[in-house]
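Below is one structure; the comments refer to it alone.
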Amino acid sequence: MDATTQDPIDTAATWHARIDSPDMDWAGFGDWLAADPSHRAAYDSIALLDAEIGAAAPAIAALLPGGLDGTPAAAGPVTAPGQLATHYAPAKPLRLEAMMAAADEWLIGFGAVAGDATLSATGDPVEAAANLFAALHVADAAPRARIAVAPIPAAGIGAAINDRLMRAATR
């Protein structure tokens, strides 16, 4: 990873997202931490934030329609756009869990599934979350009639990505 040109917080977030990966570059991570005291502070901030989000996950899941496991949430008044069954939705039909595109589809790839555009070629869910809405807008403006999206693992932030994609696919 070229960590020399990125903001330390962005780089720390990338390292933290990869920490459990079997191909984690531990030597590169150690070198990055040692290169500047601000790197350790940035990484500690990201790790602390992740722990706080993890602790709040049950409360967050309770607010999401379908929670994190797809179980329908109790009905109640809609108080924010994110509670609607549809939130942002492209004008074109959206197909999820696509391993390849049909001739009339613009494929948004992820990880090993290459596409016309990708959320993250490395399978990084943090990068995918950051690229999600831009990729949907690009696909919506593309010359193909439909949009297909590669599978996104449902663990961690992937659950939120999949929630947004399911809402975008709802017509």
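Quick note: the coordinates plus some simple rules give every number you see, no bench work behind them. Because the structure is predicted, anything quoted here is derived from the model rather than measured. Cβ: placed from backbone, ideal geometry, glycine included. Neighbour counts: every protein chain shown.
Descriptive notes on the structure:
- Gain in span if fully extended, Ala91 to Ala47, counting 0.36 nm per residue against the direct Cα distance: 12.1 nm
- Ordering of 152-161, 97-106, 25-34 by packing [mean C-beta count within 10 Å, highest first]: 152-161, 97-106, 25-34
- Computed from the C-beta positions of Arg144 and Ala112 and an R0 of 22 Å, the FRET efficiency is 0.50 to the nearest 0.05.
- Extension reserve of the Ala154-Met99 stretch, reckoned as 0.36 nm per residue once the Cα distance is removed: 18.2 nm
- Karplus-derived HN-Hα couplings along segment 113-122 (A = 6.51, B = -1.76, C = 1.60, θ = phi - 60°), whole Hz, x at Gly and Pro: 8, 6, x, 5, 9, 9, 6, 6, 5, 8
- Gain on full extension, evaluated as 0.36 nm per residue between Gln6 and Ile19 minus their Cα-Cα distance, stands at 2.9 nm.
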